[in-house]
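What follows is a short report on a single structure.
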Amino acid sequence: MGLAVEAGVPVIVQKPFAPDIVTCLRIEAKARKAGLPVTLHENFRFQKIFRRLREILDSRQIGEVTFGRLSWRNDIDVYTNQPYLLKTQRFMIMDVGIHMLDLARFLLGDAHSVSCFSQSVREGLAGEDAATMLLRHDNDAVSVVDVSYAAHKNPNPFPQTLGEIEGRLGTVQILEGQILRIHTANGQRDEVIHDDGRAWTSAPWTQIQDSVPRTQQHFIDALRQGREFETSARDSLKTYALAEAAYRSASSGQLIRTADLLKEA
Ligand code: 89V
């Protein structure tokens, strides 16, 4: 990162942004001073199903959003190729939780408070492999975001995020098989979201793999047009603060406010 700043090269940083919030703030400040575009590789919000869901929410078909539930639970084997995860203290919230917190912000708006219970379900882990987070958003909406690498289902739902978004006039369910079920006063209808059909993708990863070029295309388009990235370093401080708040809530049993964390840092 330091070398990239010196060379004036725009940067895509893999998530999580940095090991702690103080380092995130230091990187963001350094990049801002250097006028260097830095973005986070937050690819979940670039999944086709969530771009479509955002369009549905923007069309006001279900009215003002009041509640969301976003759930990512499966038992994909992440340990064989990444054995270091067994010894990682801040594991699941930083690995997948942070994607889901970014997604919660994308769909429901910024959030200011977090409560969290974390769990180590698999024997012998140094960190958590499951977490249940409760968020209060700035617009008063509430969301439940839960993640687990220790949920055994057959067939394995990996890598689908399931759940629902409720509004004052209706609900959108996010169902298995990449289906959005839209409930309004007129009844319900399904939209099936199809893969992009790239030659190099492979099931079950397709949905995630498709989101990567979409994320990078956004980066290129924003760079060319001189626009701010959706997940710029500056914006991503807000997502990181939610993850940090989740850890602090899990260890203290308290509700944590992200403003205090960003101030404290
Ligand atoms: O994107 C990630 O960080 C991976 C996942 C399994 C979700 O692809 O951990």
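Every number in this text was worked out from the coordinates using simple rules, so none of it is lab data. Bear in mind the structure is a predicted one, so any value in this text is a computation, not a measurement. Cβ coordinates were reconstructed from backbone atoms using ideal geometry, including for glycine residues, and neighbour counts include every protein chain displayed.
A few remarks follow.
- Meeting the requirement of 2 or more residues that are among the β-branched types (Val, Ile, Thr) and on the phi < 0 side of the Ramachandran plot, the strands (runs of 3 or more DSSP E) wholly within region 28-129 are 38-41, 65-73.
- Top-ranked residue of region 132-157 - restricted to ones that are assigned to a strand (DSSP E or B), within 16 Å of the ligand (Cβ to nearest atom) and not charged (D, E, K, R), ranked as surrounded by the fewest Cβ atoms within 10 Å (Cβ to Cβ): 148
- Restricting attention to region 48-78, the residues that are among the aliphatic types (A, V, I, L, M) and either away from the ligand (no atom under 16 Å from the Cβ) or closer than 14 Å to residue 170 by Cα (or both) total 5.
- Residues of region 171-182 satisfying the condition of being surrounded by fewer than 18 Cβ atoms within 10 Å (Cβ to Cβ) and either touching a residue at least 24 places away in the same chain (Cβ under 8 Å) or aliphatic (A, V, I, L, M) (or both): 171, 175, 179
- Residues (polar (S, T, N, Q) and either within 16 Å of the ligand (Cβ to nearest atom) or more than 23 Å from the chain's Cα centre (by Cα) (or both)) located in region 23-47: 39, 43, 47
- Taking the numbered list (1) more than 16 Å from the ligand (Cβ to nearest atom); (2) more than 16 Å from the chain's Cα centre (by Cα); (3) hydrophobic (A, V, I, L, M, F, W, C) in turn, residue 203 passes all entries but (1).
- The listed residue being within 16 Å of the ligand (Cβ to nearest atom), touching a residue at least 60 places away in the same chain (Cβ under 8 Å), part of a helix (DSSP H, G or I) and under 19 Å from the mean Cα position of the chain (by Cα), out of 216, 160: 216
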